[in-house]
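Below: one structure, written as structure tokens.
The values are calculated or read from the model by the stated rules, or taken from the named source; none is laboratory data. Nothing here was measured: the structure is a model prediction, and the numbers come from that model. Virtual Cβ from ideal backbone geometry, glycine too; neighbours counted across all protein chains shown. The accessibility values were calculated without ligands, DNA or RNA, using every heavy atom of the protein model including side chains. Shrake-Rupley method; radii C 1.70, N 1.55, O 1.52, S 1.80 Å.
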Amino acid sequence: MTQLAEPVRTQFTALAADAEAPAWLASLRKAAMDRFETVGFPNKKQEDWRFTDISPIAKTKFTPGDLASGDPSEARQYSFGDEAVTELVFVNGHYSNQLSKLGKLPKGVKVGSLKQAFELDPILVESALGAHADSQTNPFVALNTGLVQDGAFLFLPRGATVEGVIHFLFLSTTAGDATASHPRTLVIAEDNAEAQVVESYVGPSGTYFTNAVSEFVLGNDCRIDHNKLNQESPDAYHIATMQVSLGRATTFVSHSTTLGAKMTRNDFNCTMAGEGAYAVLNGLVVIGGTQHCDNHTLLDHAVPNCPSHEMYKHVLDGKATGVFKGKILVRQPAQKTDSKQSSKALLLSDDATMNSQPALEIYADDVKCTHGSTIGPVDEDMIFYARSRGISDEAARHLLTYAFAADVTRRIKVAPVRRRIESALAAQHGLPQDIAITNLGDFDEAAR
């Protein structure tokens, strides 16, 4: 039995004894927990987990975090303030009404705690929760579903357009003991809806485990701009799964940035289920020390005429390790698919390690699919060029590293997210906070 097993069993038993929980939710939790107990934690003998050792999670006695340990001042430093039309704050997985801000939204838009939605919108939630994220094959999704208790809920009715950013802020705190939370995000958009959604996972310090699952169920002709920002504690473990389903002619643009956590594993799966759907999955990882980040992505083309673009960049320093495993799956009906995938890694140290495995799996015969992967140090020719113009070797390396990352950050439309990442990069490399990289070559706006 793992150290986590006992607290998990205790927590699940308490949830199962909740007489007020709807029957469908109790059934969903039990099926998922049964599945988790059957498969257990993955190990490095399994191909999908070959480069990521999760034994520190399995061996640590994480106890459930509570809402009371949240310090308001810690949440405020990660807030978007007035730049968010609505900001939901969760402390150790629990919704904080005190720290959250509910702004004015178009008629019919529903945003709030998932726990509240269990009572207020049971039909909507029941129809989508757990219907897309796969508890059968992913044990961490099974664990999250078995313990699902609270999280963020957003419903966009037909034709709704939200001006401004909707920010889901997940703050983890500890009072000395290692804690765990299993936040859940559910976004349902009906036809012709539009919104900008940001998920932030943050924590100032301490050892904790975040096991997050997000489901986006999008109808036809929607336009969703999504950002995920990981600024977890240097001693935190962050496991996350995002499952997205796109309807006809829907555009979904997502940027995922990892700056924190001791160990991160992201699984991003996007299914283009409606003809003409368009998906962008971009990612940026900037880590050092002994940090580890493993990104697995799947672009699943199920129907014809769906373009997709994917670009991941890793900047690794110290003894950091990075993993990228991205698959483009083109099913037989998905003719006229146009998909591009790129993975690039910059190694700033001889001890940094990157494993990259792009993959194409194609069953249709009329498609255009490309992928590429590069791994290497800073270009010495570029260093020489910079030094010939009076820039020191150290400054040149910092500038080139910043420019490498800026190829991703400049595509982020949500200003507070982009500024936060650029500020962190500038501080890390001793560059001015108002630095602007203006010449990065051609930028295909249609590809963002």
(message) Check which residues have an amide H placed less than 5 Å from Ser339's amide H, if you skip close sequence neighbours.
(response) Ser308, Lys368, Cys369, Thr370
(request) Could you rank Lys413, Lys104, Lys325, Lys313 by how accessible they are, 1.4 Å probe, largest area first? (result) Lys104, Lys413, Lys325, Lys313
(request) Quick one: dipole size for the chain, taken about the Cα centre, charges +1 on Lys/Arg Cβ and -1 on Asp/Glu Cβ, in debye to the nearest 20. (result) 80 debye
(request) Quick one: which residues, 5 or more positions from Gly283 or on another chain, have an amide H under 5 Å from its amide H? H modelled 1.01 Å from N in the peptide plane, none for Pro or chain starts. (result) Ser256, Met311, Tyr312, Lys313
(message) Need the list of lysines near Lys336 for cross-linking: C-alpha distance under 25 angstrom, and skip anything on the same chain fewer than eight residues off.
(response) Lys325, Lys327, Lys368
(message) Under the rule of at least 5 residues apart or a separate chain, name every residue whose amide H is placed under 5 Å from the amide H of Ala180.
(response) Thr63, Gly65, Phe209
(request) May I ask you to rank Ser127, Ser55 by accessible area, largest first, using a 1.4 Å probe over the protein chains only? (result) Ser127, Ser55
(request) With viscosity set to 1.567 mPa s and temperature to 4 °C, compute the Stokes-Einstein D of the range 1-97, Rh being the Kirkwood radius across alpha carbon pairs; µm²/s, no decimals. (result) 78 µm²/s
(request) Tell me which label goes with the value of log10 I(q)/I(0) by the Debye sum over Cα atoms at q = 0.06 Å⁻¹ computed from the coordinates here: (1) -0.21; (2) -0.30; (3) -0.24. (result) (3)
(request) Considering Cα pairs under 8 angstrom that are at least six residues apart, work out the relative contact order of the chain and quote it in whole percent. (result) 9 percent
(request) Would you calculate, for the chain, the mean residue ellipticity at 222 nm contributed by helices, counting each DSSP H stretch of 4 or more residues as -39,500 (n - 2.57) and dividing by all residues, to the nearest 500? (result) -6500 deg cm²/dmol
(request) Per residue of the range 6-16, in order, report the coupling 6.51 cos²θ - 1.76 cosθ + 1.60 (Karplus, θ = phi - 60°) as ³J(HN,Hα) in whole Hz, putting x for Gly and Pro. (result) 5, x, 5, 4, 4, 5, 5, 4, 5, 5, 5
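Kindly rank 136-146, 27-37 from highest to lowest mean number of other beta carbons found within 10 Å of each residue.
Taking the mean over residues of other Cβ atoms within 10 Å, the ranking is 136-146, 27-37.
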(request) Give a residue-ordered list of calculated ³J(HN,Hα) values for the range 266-276 (Karplus: 6.51 cos²θ - 1.76 cosθ + 1.60, θ = phi - 60°; whole Hz; x for Gly, Pro). (result) 10, 10, 10, 10, 10, 10, 8, 9, x, 4, x
(message) Suppose all protein chains stay in the model; what accessible area per residue would a 1.4 Å probe give for the chain, in Å²?
(response) 41 Å²
(request) Step through the residues of the range 151-160 one at a time and calculate ³J(HN,Hα) from phi using the Karplus curve (6.51 cos²θ - 1.76 cosθ + 1.60, θ = phi - 60°), rounding each to whole Hz and writing x for Gly and Pro. (result) x, 9, 10, 9, 10, 10, x, 3, x, 6
(request) Would you tally the net charge around Ser349, using a Cβ to Cβ cut-off of less than 9 Å, leaving Ser349 out, and scoring K and R as +1, D and E as -1? (result) -2
